[in-house]
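As structure tokens, the structure follows; a few thoughts come after it.
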Number of protein chains: 2
Amino acid sequence: MNDETATQPSFPLRETDDDARQLARQLIGDVRHAALAVLDENGAPAVTRIAFGVESDGTMVSLISDLSAHAKRLKAHPRCGLLIGDPPQKGDPLAFPRLSLAAEVRFLSRDDPSHSARRDEWLKTHPKSALYIDFSDFNFIAFTPLHGDLNGGFGKAYHLTRADLI
Amino acid sequence: MNDETATQPSFPLRETDDDARQLARQLIGDVRHAALAVLDENGAPAVTRIAFGVESDGTMVSLISDLSAHAKRLKAHPRCGLLIGDPPQKGDPLAFPRLSLAAEVRFLSRDDPSHSARRDEWLKTHPKSALYIDFSDFNFIAFTPLHGDLNGGFGKAYHLTRADLI
């Protein structure tokens, strides 16, 4: 899929520099959950909370249940959006940085030889998911980033290409 | 728009009771921001952070800039999704309650006679937005809820109709 330029916001954009790239990568690396936007059965946008992590090779992943609505929707429409960046406990949440990422999902099978290593790496950053990670309906998905819109706070908007994100 | 039943998750649902309704309304009343999912220019889902509040008559509103990407997208496709419920500072974010709301947006004009009262009420819960609330590109939008999926933590999933939410 190649829609890299079509979704640039019309807010005045700053030129993307190394500081913006680093902030985006820091947000991606720091968070343990994200908001996931998918298309529902009517083609309408729907948003849920998912776990989120980055593997040592940079692959962005989540662990989701096959029984969830978003799993079924992603199988029908793998193109999705992610909001990455925890809101602060105090202060205006709109003044704190967050990244809106456009991505495409791949489903990873529990039967894949890489599953065991992926499982062990995930548990290091998401220890609470030990409660359900071995349930047969839970599978990893990987996100291929397409482009992103970084909002570093008011007036600090940047468009990031796929190359800026990986 | 009437797509109230089509987006029920396939997770085992509990029967919606007064506790579920109350939890959903409590989440709606407590939060000061939300994740907003819209359709972008390619019909793909995109998610951003917005301010969120509820007026004394129960109307769910946000204050957004006309210059933002989501404002332009909502004007083209008023159907949107909201994720409501702050993630916890500690513990598994997936074990804490949140509401995925399907809604339709109406744009409210700054020139409307109700603007002044709405502005004053908003500032009581969102005092930091005094910095920009009077900029000419900032307008209120109202969300008409269509239906919701409440996730009260693992295994606690409920589908809520519009009547459950208002």
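The values are calculated or read from the model by the stated rules, or taken from the named source; none is laboratory data. Note that the coordinates shown come from a computational prediction; the quantities given were computed from them, not determined experimentally. Using ideal geometry, Cβ is built from the backbone for each residue, glycine included, and neighbour counts are taken over all protein chains shown. We work out accessible area using only protein heavy atoms, side chains counted, and drop any ligands, DNA or RNA first. Shrake-Rupley method; radii C 1.70, N 1.55, O 1.52, S 1.80 Å.
Quick grid of which residues meet (1) farther than 16 Å from A:H147 by Cβ; (2) more than 7 Å from chain B (Cβ to nearest Cβ); (3) open to solvent by less than 70 Å² (accessible area, probe 1.4 Å):
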| site | (1), (2), (3) |
| --- | --- |
| A:E15 | no, yes, no |
| A:V31 | yes, yes, yes |
| A:V47 | yes, no, yes |
| A:I64 | yes, yes, yes |
| A:K72 | yes, no, no |
| A:P78 | no, yes, yes |
| A:Q89 | yes, no, no |
| A:L108 | yes, yes, yes |
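Answer yes or no as to whether A:L160 is surrounded by 18 or more Cβ atoms within 10 Å (Cβ to Cβ), at pLDDT 95 or above and within 13 Å of chain B (Cβ to nearest Cβ). Criteria not met by A:L160.
Among the candidates B:G53, B:G85, which residue alone is of a type outside the set (A, V, I, L, M) and on the phi > 0 side of the Ramachandran plot?
Details: B:G53 fails: on the phi > 0 side of the Ramachandran plot.
Exactly one of B:G53, B:G85 is of a type outside the set (A, V, I, L, M) and on the phi > 0 side of the Ramachandran plot, namely B:G85.
Against the criterion of being modelled with pLDDT of 95 or more and more than 25 Å from B:G43 (Cα to Cα), A:G81 does not qualify.
Of the set (1) in contact with an Asp or Glu (Cβ under 7 Å, 6 or more places away or on another chain); (2) surrounded by 16 or more Cβ atoms within 10 Å (Cβ to Cβ), all apply to B:D137 but (2).
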